[in-house]
Amino acid sequence: MYASREDIGYDFGDDSKVGSKPIKPNPNIDGGWAWMIVLSSFLVHILIMGSQMALGILNMEWLEEFNQSRGLTAWVSSLSMGITLIVGPLIGLFISMCGCRKTAIIGGMLNALGWILSAYASNVHYLFLTFGVTAGVGSGMVYLPAVVMVGQYFQKRRALAQGLSTTGTGFGAFLMTALLKYLCTEFGWRNAMFIQGAISLNLCVCGALMRPLSPKDVDSEKYVVKSNSEDNQAKALSHSAETIKSNGVLSEELEKKEEATNEEVLDSVQHIEIGGKSRSGRNMYGLRILKTVSQLTVTVRKGFAIWYSSYFGAASLFTNRVFVAFIIWALFAYSSFVIPFIHLPEIVKQYNLSSQNNIFPLTSIIAIVHIFGKVILGIISDLPCISTWNVFLMANFTLVTCILALPLMQTYVSLAVVCALIGFSSGYFSLMPVVTEDLVGTKHLANAYGIIICANGISALLGPPFAGWIYDITHKYDFSFYISGLLYMVGIIFLLIQPCIQKKQPREKSTEEAQV
């Protein structure tokens, strides 16, 4: 029904040119240093996503310290989680200009600074700026490169690699919750945030491990994918990827012209520097500064050109209809996963299941099974006979069904079963970078996935308040699940409709030509 992952996101225009010059595959692709990238991404998920999952501990301390309303205090953690994802498109610009390694290192320092400055907070509004914005932006600058680098280093086992790295979120939720609880008890919440800031400096180490692939390595990666693909026919989703690729030719020609102009500028500066060797040391120092500034300007202009063309130029990602449908899906999906964590405790209290829930909380069931779901779905998706797209859709259908069915469950056992299914099916989060790369290709992954996580951030930021607003109107938790589930279903329908439209377009064109 849908194209396999080898058929999606790569240009099939002329395979003969590629096949005529075989390139020796890089041993670091799908092996070697690639597993260090997975380790780096795993630690990033522990330190960033795990810490954000444990903010409930600090939230209670802030309520007691500042004596503000729950709604106002909750915005601190919501801002941090939302901004981490919403700044995705902006972080894509940083990656285009500086690369993943430098972006992640700068983000690690910014995240640590946010934690440390928050230790001196005098009110909740101070935390909005230091923790919500500063630490949130820093988290985003590390999170996106961690996902993108795994996509660049893996082809055959991308889904498994992404699954293993994103399990750090589940492990981090347990580790960081226990750590913050211990630190707050022993040292107080201010010292706890200061210590956590020092721990967050390890994000710089994770960024240093993100060794970039050379252009030759990227070419060899593309060759391996093309040589392993037996069926290179344009199927349903490949048409959407070819739109990006064909439009990308124009942007590449513009890039070459810009590079030629930039090289002339640098050559002129170097010529002046060579000719001025007999001048004073002060003039030589000025020329070196001019050369450095010129090189920096060239890098910034080139990175901005790539970023701009991805969003607004001829090779705009928004010309890909399936990718646009993917964005619409992301706007509704994340809030449906967050809402059970918010309302489950109230549902347990409503059905008098608190004693059983205290023994083994339902939210813990979701978190534990979620870890296994990511790995298992990743292994299944990497099987040669299985389409990642179909696994992704099946997991979404299972999750939305569970969201709609959860309010109907009134016993602890039935709730536990549904929560386990929610945890397992939500493991599709590890497939999101893989599906994105299949749709747009490796070159556009940073900018494309930046848009997707931005949509997820908006969903995470607005979803919980929306659910609370529904409860204030209906005075029932059931409607929060039903409405969010229906909106989620709308997003899935968009994913189903667009590939069908893409598949019908060639037939419609051929019919018109026949009439002419």
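Could you give every pair whose Cβ atoms fall below 8 Å, whose first residue belongs to region 316-345 and is in contact (Cβ under 8 Å) with a residue 24 or more places away in the chain, and whose second residue is surrounded by 22 or more Cβ atoms within 10 Å (Cβ to Cβ) and not in a helix (DSSP H, G or I), counting only separations of at least 6 or pairs across chains?
Correct list of pairs: L317/H444; V322/L237.
Could you check how many residues of region 51-75 are at pLDDT 85 or above and open to solvent by less than 10 Å² (accessible area, probe 1.4 Å)?
3
Can you tell me which of L296, L344, L290, L353 is modelled with pLDDT of 70 or more, more than 26 Å from the chain's Cα centre (by Cα) and open to solvent by 70 Å² or more (accessible area, probe 1.4 Å)?
Result of the check over L296, L344, L290, L353: L290.
Does region 114-135 contain any residue that is within 20 Å of D30 (Cα to Cα) and among the hydroxyl-bearing types (S, T, Y)?
no
Report, by residue number, each residue of region 156-182 that is of a type in the set (A, V, I, L, M), open to solvent by 10 Å² or more (accessible area, probe 1.4 Å) and more than 23 Å from the chain's Cα centre (by Cα).
Correct list: A178, L179.
Looking at region 54-113, which of its residues are closer than 23 Å to A460 by Cα and of a type in the set (V, I, T)?
I57, T73, V76, I83, T84, I86, V87, I91
Suppose we filter region 414-428 for residues that are under 21 Å from V338 (Cβ atoms), out of contact with any Gly (no Cβ under 9 Å at 6 or more places or on another chain) and open to solvent by 10 Å² or more (accessible area, probe 1.4 Å); how many remain?
5
Name the residue, out of G140, G107, G92, that is touching a Gly at 6+ places or on another chain (Cβ under 7 Å), within 30 Å of P212 (Cα to Cα), in a helix (DSSP H, G or I) and at pLDDT below 85.
One residue alone meets the criteria, G92.
Condition first: in contact (Cβ under 8 Å) with a residue 24 or more places away in the chain, in contact with a Lys or Arg (Cβ under 9 Å, 6 or more places away or on another chain), hydrophobic (A, V, I, L, M, F, W, C) and assigned to a helix (DSSP H, G or I). Can you find one or more residues in region 447-458 that meet it?
No, region 447-458 has no match at all.
Any residue at all in region 477-486 that is touching a residue at least 60 places away in the same chain (Cβ under 8 Å), open to solvent by less than 10 Å² (accessible area, probe 1.4 Å) and of a type in the set (D, E, K, R)?
no
Could you please let me know if I473 is modelled with pLDDT of 75 or more and surrounded by fewer than 20 Cβ atoms within 10 Å (Cβ to Cβ)?
For I473, the condition - modelled with pLDDT of 75 or more and surrounded by fewer than 20 Cβ atoms within 10 Å (Cβ to Cβ) - is met.
When you go through T411, T436, T398, T388 one by one, which is the residue that is surrounded by fewer than 23 Cβ atoms within 10 Å (Cβ to Cβ) and under 26 Å from the mean Cα position of the chain (by Cα)?
Only one candidate passes the filter, namely T398.
Yes or no: region 344-352 includes at least one residue that is closer than 17 Å to V400 by Cα and either assigned to a helix (DSSP H, G or I) or out of contact with any Pro (no Cβ under 8 Å at 6 or more places or on another chain) (or both).
yes
The values are calculated or read from the model by the stated rules, or taken from the named source; none is laboratory data. Keep in mind the model is a prediction, meaning the values are calculated, not measured. Using ideal geometry, Cβ is built from the backbone for each residue, glycine included, and neighbour counts are taken over all protein chains shown. Quick note on the areas: whole protein, heavy atoms, side chains included, nothing else; ligands and nucleic acids left out. Shrake-Rupley method; radii C 1.70, N 1.55, O 1.52, S 1.80 Å.
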